[in-house]
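The values are calculated or read from the model by the stated rules, or taken from the named source; none is laboratory data. Values in this document were obtained by computation on a predicted structure and should not be read as measured data. Note: ideal-geometry Cβ built from the backbone for every residue, glycine included; neighbour counts use all protein chains shown. To get the accessible areas, we keep the full protein, side chains included, count just its heavy atoms, and leave off ligands, DNA and RNA. Shrake-Rupley method; radii C 1.70, N 1.55, O 1.52, S 1.80 Å.
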Amino acid sequence: IQYLATFDPLTDLPNRTLFADRLEQALLNMQRFKRRTAVILLDLDRFRLINETLGAPVGDEVLTEVGRRLALQVREGDTIGRRHGNEFGFVMANVAQEHDAITLAQRVLEAISIPFEINGVPLSLSASIGISVAPRDGNTAEQLLKAANIALDRAKESGGNSFRFYSPNMDADAARRLSLEVALRDALSRNELHLVYQPQVSLSTGQLTGMEALLRWIHPEYGAISPSEFIPIAEETGLILPIGEWVMQTACIQTRRWLDLGLIHLRVAVNLSTRQFRQENLVAQV
């Protein structure tokens, strides 16, 4: 009963409960002996694709092997645990300098980059890592886990296969992102989105050959939001589907108006998300 309550049966690593307990113990020792403690959170990049394409049993075998490889990287006295899904965590109880955490992060990324072979199927994986250090980033488990999570998100946003240390400006970025995500859900109904059309001109004739429809968002508080900032949010939340449908419909209405005005050879390009290509009704929608 004790084992089932504190260990993950798949990887045989400490589970979320035991991981939290080990972190609390490390923080108590940190305060008593004036040491530093690091929290490292690791998330496998695009792991969901393995479950979706090869099935959950293969995903479980991958997680088991990942857990085995990670367990070989920790120092004596440190803790590694499986927090949930494909997220693992490390508690470095005695950090002399930040370079200790960097060294561990690099070793872990290298260990995961070694190709896997599951049931004769070769697989290549990478991971994203977020790091927080006490007491600089907080003195409680909650503060350190929150900071490491924010740093982990930043590592994912950079494309994965990397690590990031937490910094205070990440907190402000996270708050802004959450605010934009909430606002984006109502942006369509509030008529905050609009399209602009970038002309395409033939260099040889100087004639207008087409347009590209580009999405823009004017937020009532933040002003003009860059598409490079709000499009990824729309992709991750699934809002890109209703927004993408609106973009296509709006571009078609405008194109019809231009054709009615005599622009016979006008061609308008509309960008589609990969999520839209996965929708069965895309052809009918177009």
- Note on the structure: Within region 43-60, the count of residues that are part of a helix (DSSP H, G or I) and either over 15 Å from Leu13 (Cβ atoms) or touching a residue at least 60 places away in the same chain (Cβ under 8 Å) (or both) comes to 12
- Are any residues in region 13-55 among the hydrophobic types (A, V, I, L, M, F, W, C) and either under 19 Å from the mean Cα position of the chain (by Cα) or closer than 15 Å to His84 by Cα (or both), and if so, which ones? Leu13, Leu18, Phe19, Ala20, Val39, Ile40, Leu41, Leu42, Leu44, Phe47, Leu49, Ile50
- Qualifying positions in region 254-268 - closer than 30 Å to Arg185 by Cα, free of Cβ contacts under 8 Å to residues at least 60 places away in the same chain and open to solvent by less than 80 Å² (accessible area, probe 1.4 Å): Gln254, Thr255
- Restricting region 89-145 to residues that are of a type outside the set (A, V, I, L, M, F, W, C), assigned to a strand (DSSP E or B) and open to solvent by 10 Å² or more (accessible area, probe 1.4 Å), the residue that is nearest to Phe163 (Cα to Cα): Asn94
- Task: Report yes if Leu49 is touching a Gly at 6+ places or on another chain (Cβ under 7 Å), within 23 Å of Arg164 (Cβ to Cβ) and either of a type outside the set (Ser, Thr, Tyr) or surrounded by fewer than 18 Cβ atoms within 10 Å (Cβ to Cβ) (or both), otherwise no.
- Result: no
- Message: Please go through (1) within 30 Å of Leu144 (Cβ to Cβ); (2) among the hydroxyl-bearing types (Ser, Thr, Tyr); (3) in contact with a strand residue (DSSP E or B) (Cβ under 9 Å, 6 or more places away or on another chain) for Thr209 and return the number of the only condition it doesn't satisfy.
- Response: (1)
- All conditions in (1) crowded, with 18+ Cβ neighbours inside 10 Å; (2) out of contact with any helix residue (DSSP H, G or I) (no Cβ under 8 Å at 6 or more places or on another chain); (3) under 23 Å from Leu49 (Cα atoms) are true of Asn86 except (2)
- Item | Near pairs, Cβ below 9 angstrom, 6+ apart or cross-chain, from region 233-249 (open to solvent by 20 Å² or more (accessible area, probe 1.4 Å)) to any residue that is hydrophobic (A, V, I, L, M, F, W, C) and assigned to a helix (DSSP H, G or I) | Thr237/Leu184; Leu239/Leu184; Leu239/Ala187; Leu239/Ile233; Leu241/Ala234
- Select from region 146-166 the residues that are touching a strand residue (DSSP E or B) at 6+ places or on another chain (Cβ under 6 Å) and in a loop (DSSP other than H, G, I, E, B) and write down the one among them that is farthest from Phe33 (Cα to Cα). Gly160
- Query: Could you count how many residues in region 5-21 are open to solvent by less than 80 Å² (accessible area, probe 1.4 Å), assigned to a loop (DSSP other than H, G, I, E, B) and not charged (D, E, K, R)?
  - Reply: 4
